[in-house]
Structures are given as C-alpha cells and as structure tokens.
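Before any comments, here is the structure.
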Amino acid sequence: LQRTLEKATEIQSKGLLSKIVLPEFPSDFLTILSKQLADITADAETQVRQQIADHNMGVQGETWLSQGLGFVANDKCPFCGQYITGIDLIAAYRSHFNVAYKNLKQEVAQLSQRLENVIGASSLNAVQQTVFNNLTLLEFWKQFAEMTIPSFDFKDVDAKYKALRDLAAALAQRKQQSPTESISTGVDFQTKLNEVTSLRESVETYNEAVDRVNTLINKQKTAAQD
C-alpha cells in the first residue's frame, strides 16, 4: 500500500494494456478471382494483345486503342476513312473495351494494391508495437499485483501473413493478366489462408488476458486515488 501511495502520480499516468487486432484478409478476394464476363468474346483479349505487340505499342497500347475507338464515327476509321463494319479486330476492340469489361479490369487492377494496403509488409507494425508496449507496461504494473499475459509469437504471425500475401499477390497478378478468366486458388492458398485464420484463437486468448490485467490495473488506479 505504501508503495502504491508513493507512486500514485505515476500510477495515474500509466496507461492500460491494448488488445491485438490482426489485419483482415479481403473478404471479396476469391469472388473477384472467379469473376467472368459472358459478353466478352473469347479471343478479344488475345487479339488486342497481339495487335499491341505487332505494333510495338508497349504499355500505352491499351490506352491508345481505347481512345482511338472513341473517335470512330459512322463506322469509318478515323485514320483512313474506310468502313470498318464487319472487321473482326474492331469487334474485338469493342468487346475488349466495353463498360462491363472496364469495370472488371479496374476492380482486378486494384486488387494487388488492396492486398498491399490490408496485409502488406507494414500491416503488422501496429501489432508488433502493441505487443512491445504491453510487455513494457506489464513490467511496471507487476510491482503492485500479480498479473500475466500469454507470450505472443510475432515472428510466427509475420511469417504466416507473408506466406499468404505472396500467394495472394501471385494470384492477383494472374487475374490481372487474364481478367475474364476464373482463377482457381489451389490447395496451398487455402492452407495458408487457414493458417492465418487460425491465429484468431491465440489472439482471442491474448486479448482476454489483457482484459483481466486491465481490470487489475484499474483497481490499482482507484486505490491510488484514495
């Protein structure tokens, strides 16, 4: 009690422990991978890519073709003025650049960045910092009452997220290369996803201990006020 009174000011200023919150894997990831478009001609993507390659258009090829298609008037080529009715390549362009395809392609293009934002290399920094801060605070509070929290294997958590992230990024890249095809994930991906999902149990146990410790800490804070 004497020690508590002597450290009353420090006790009031010291914070509570924090709970761990793991990053959530995008819930619509598998849905986006499996999306297909029935109104896209089967070989439109191939034809457009071939045209871009044949004319050495590079990364700006799709943008150039898409903009050029918008200048077609009265079914005449904006360059030579000839009619383009019935030309398979033009049909492929129109199929390739239609609204539904654009929407899907945008959604697919954003998938890799979303993965990086949600479970990227820095996504666990807050978790690592929380674990460190809790251990530091616990050392202080253990002066006044017996309290413990489970050890948290951050390296194991980090490794499991990295394994999942690498597989997911590869799948997102495959989907970006073939937006209209359904991409299957395979057993390895599901295994890594399950490993990350199973981490919730240890986190729940850890957070329950944090709640118990914080109850004890609040008792110390109340006692220090008297």
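The values are calculated or read from the model by the stated rules, or taken from the named source; none is laboratory data. All figures in this text were calculated on a predicted structure; none of them were measured in a lab. Note: ideal-geometry Cβ built from the backbone for every residue, glycine included; neighbour counts use all protein chains shown. All accessible areas refer to the heavy atoms of the entire protein, side chains included, with ligands and DNA or RNA removed. Shrake-Rupley method; radii C 1.70, N 1.55, O 1.52, S 1.80 Å.
Across segment 132-164, the number of residues qualifying as in a loop (DSSP other than H, G, I, E, B) and under 15 Å from Ala209 (Cα atoms) comes to 9. Residues considered: Glu10, Glu62. Of these, the only one that is assigned to a helix (DSSP H, G or I), farther than 30 Å from Phe189 by Cα and modelled with pLDDT under 75 is Glu62. One residue stands out among those in segment 141-161 that are surrounded by 15 or more Cβ atoms within 10 Å (Cβ to Cβ) and of a type outside the set (A, V, I, L, M): the one that is farthest from Gln128 (Cα to Cα), which is Phe144. Taken over segment 176-205, the residue count meeting the criterion of being open to solvent by 70 Å² or more (accessible area, probe 1.4 Å) and of a type in the set (A, V, I, L, M) is 1. Scan segment 83-136 for residues that are more than 28 Å from the chain's Cα centre (by Cα) and of a type in the set (Lys, Arg) and the total you get is 1. The residue that is farthest from the chain's Cα centre (by Cα), counting only those in segment 206-226 that are within 18 Å of Glu146 (Cβ to Cβ) and open to solvent by 80 Å² or more (accessible area, probe 1.4 Å), is Lys219. Among the residues making up segment 28-57, those that are over 29 Å from the mean Cα position of the chain (by Cα), modelled with pLDDT of 80 or more and open to solvent by less than 80 Å² (accessible area, probe 1.4 Å) are Gln51, Ile52, Ala53, Met57. Do the conditions hold for Ser18, that is, is it of a type in the set (Ser, Thr, Tyr), at pLDDT below 95, open to solvent by 30 Å² or more (accessible area, probe 1.4 Å) and within 30 Å of the chain's Cα centre (by Cα)? Here the answer is no, as Ser18 does not meet what is asked.
Just one of (1) assigned to a helix (DSSP H, G or I); (2) hydrophobic (A, V, I, L, M, F, W, C); (3) within 30 Å of Leu16 (Cβ to Cβ) fails for Leu193. It is (3).
None of Gln128, Gln106, Gln113 is farther than 16 Å from Val210 by Cα, at pLDDT 90 or above and open to solvent by 80 Å² or more (accessible area, probe 1.4 Å) except Gln113. Among the residues making up segment 79-99, those that are part of a helix (DSSP H, G or I) and open to solvent by 40 Å² or more (accessible area, probe 1.4 Å) are Asp88, Leu89, Ala91, Arg94, Val99. Filtered by the rule that a residue be surrounded by fewer than 16 Cβ atoms within 10 Å (Cβ to Cβ) and under 22 Å from Leu199 (Cβ atoms), segment 131-140 gives Phe132, Asn133, Leu135.
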